[in-house]
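So the structure is just underneath, and the comments pick up after that.
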Amino acid sequence: MSRNDVAIITGASRGLGLALACQLAQRNWRLVVDARGEDDLEQVARGLRTLTEVDAIAGDVADAAHRQALIAAAGGRIDLLVNNASVLGPSPQPRLSAYPLAELERIFQVNVWAPLALIQLALPHMDDGCLINVTSDAAVEPYPGWGGYGSSKAALEQLTAVLGAEHPELRIYSVDPGDMRTRMHQEAFPGEDISDRPPPEDSVPGLLALIDGSLPSGRYRARDLVAVAK
């Protein structure tokens with residue numbers, strides 16, 4: 001890839017977003033990255049800047065001004081948009097019958113409305129390119145306690161599918177990265193040992209297979225793509 005390739009990655013200060021940003025930086029992509037924690041994001045950006053050009057913009061993807069700033073930083077061309085930032089909700093996770101509705105509204109604001117709003121801003125700057133919305137198996141499996149997060153990811157997946165049908169000139173994907181050893185996963189299972197989960201780096205080759213390839217728009221599991229690549 002040439003240095004002119006530009007990617008926006010949300011939620012890039014840790015976990016899957018950081019792992020993907022590191023790989024793209026090694027390929028000389030110009031990166032626009034965000035996270036809510038300014039200090040953590042700036043520390044990550046310093047490391048990435050040893051490899052490539054990076055704009056690091058701290059903020060909340062649910063904030064309209066922050067989304068505008070991400071698009072502006074891309075400079076008029078976007079080759080890749082990765083909506084990775086999301087929130088889990090209360091921990092431990094409550095049953096839907098007792099789910100705080102204000103918390104559920106916040107989950108949908110971050111996990112559904114914000115990605116779509118960012119996509120709407122990005123599309124005029126994407127002539128061909130690739131769009132990835134990071135989802136979860138909780139979007140399709142009815143796990144007890146995962147009603148808030150899972151329903152938000154299910155909504156995101158349907159939005160992604162419709163966008164793919166409406167924009168055949170683009171590659172638009174929902175990607176389930178699988179279980180990962182991340183802070184969010186630990187929050188989902190407070191007090192449990194999740195050291196047996198694979199690191200997020202193990203899911204990145206699957207995302208790269210989509211970014212580099214020509215698979216049709218749709219829903220994919222990152223680990224399946226890794227297996228095919230091998």
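Only the coordinates and a few stated rules stand behind these numbers; no lab work does. Predicted, not measured: the structure shown is a model, and the values here were computed from it. Here Cβ is always computed from backbone atoms with ideal geometry, including for glycine, and neighbour counts include all displayed protein chains.
Principal-axis analysis of the Cα atoms of the chain puts helix 15-26 at an angle of about 10° to the longest axis. Largest GNM mean-square fluctuation among Thr52, Thr160, Thr135, using the chain with Cα springs under 10 Å: Thr52.
Which value at 222 nm does the chain reach when only helices count, each DSSP H run of 4 or more adding -39,500 (n - 2.57), with the total divided by all residues and rounded to the nearest 500 deg cm²/dmol?
Details: 9 runs with 94 residues, N = 230.
Taken over the chain, the calculation gives -12000 deg cm²/dmol.
By how many nm would the segment from Ser214 to Arg77 lengthen if fully extended, with 0.36 nm per residue of separation less the alpha-carbon distance?
Numbers: separation 137, 0.36 × 137 = 49.32 nm, distance 2.00 nm.
Length gained between Ser214 and Arg77: 47.3 nm.
Relative to the longest principal axis of the Cα atoms of the chain, helix 147-166 runs at roughly 40 degrees.
Share of pairwise Cα-Cα distances greater than 27 Å in the chain is 28 percent (whole percent).
Determine which residues of segment 72-111 fall in the zone a paramagnetic label at Ala64 would reach in this model, i.e. backbone nitrogen under 17 Å from the point 7 Å along Cα→Cβ. Correct set: 72, 109-110.
Label separation (Arg106 vs Ala165): 3.4 nm, computed from points 7 Å beyond Cα along the C-beta direction. Compared with the dominant Cα axis of the chain, that is its longest principal axis, helix 64-74 is turned about 30°.
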